[in-house]
Amino acid sequence: MTFQHPTPQPGGPQNAFGLGMSSAPGQPAQRRRPWLKYGAVALVSLFIGVGIGTSNGSAKTGKGTTDTKGAPRPTVTVTETAEAADPGPAPTVTKTVTAKPKKTRQPGPATSFSGEGEYLVGDDIKAGTYKTSGPEDEFGCYWERAKDASGEFGSIIANNNLDGPGRVTLNNGEYFKTNRCQEWKRVG
């Protein structure tokens, strides 16, 4: 028996590289299944494409497929209105606010006061000269300076009944009583 080298035959079956295939003498030519060849090529192409796609973004940023140019991305906003099964009263919301105190004037004796009452000069009211516009009504305005709050006749330093405007000078430690007078204001 002699061995013959297979030679490609034109128009005959071809292998994967496009070369003709010879058949052994006495055997019919075999055709490979073309769907197997195309399927294998498609599968390899798919794996290569997936590999390129995933390595493209991670090679640039190291974080997957993010945009390195910072271009705006589309945003989808979905708004849903929830309807309560029982439209009962709305919940009460309580908000606690810490109020800051207003700046007030320096504590100490007042420089104006009501025309009705008894005041300790230097404690309740500041020492000095005070003025009133006169009586609140037709009964007149009474004022009294006293050395103590006993109400005794001997404690009175000075007093007066006013039918019009008046002035009085008060010293520290004295008691000042006023009845039916308009407001007293410090003038000196």
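Values for this structure:
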quantity: Ranked list, fewest to most other Cβ atoms within 10 Å of each Cβ, for 137, 148; calculated: 137, 148
quantity: Residues 46, 170, 120 arranged by fewest to most Cβ contacts within 10 Å; calculated: 46, 120, 170
quantity: Interatomic Cα distance distribution for region 112-186, bins of 10 angstrom, percent; calculated: 22, 56, 21, 0
quantity: Among the listed pairs 100/131; 102/185; 103/185; 126/147; 103/126, those beyond 27 Å (Cα-Cα); calculated: 100/131
quantity: Furthest towards positive pole of dipole, 125, 114, 140, structure part region 112-186, Cβ charges; calculated: 125
quantity: Rough spin-label spacing in nm, given labels placed 7 Å along Cα→Cβ, for residue 131 and residue 46; calculated: 10.5
quantity: Region 118-188: GluC sites (Glu not before Pro) in DSSP coil with no more than 11 other Cβ atoms inside 10 Å; calculated: 138, 152
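Readers should treat all values here as calculations from the given coordinates under stated rules, not as data from a laboratory. As the structure is a prediction and not an experimental result, all values here were calculated from the model. So basically every Cβ, Gly included, is an ideal-geometry build from the backbone, and we count neighbours across all protein chains shown.
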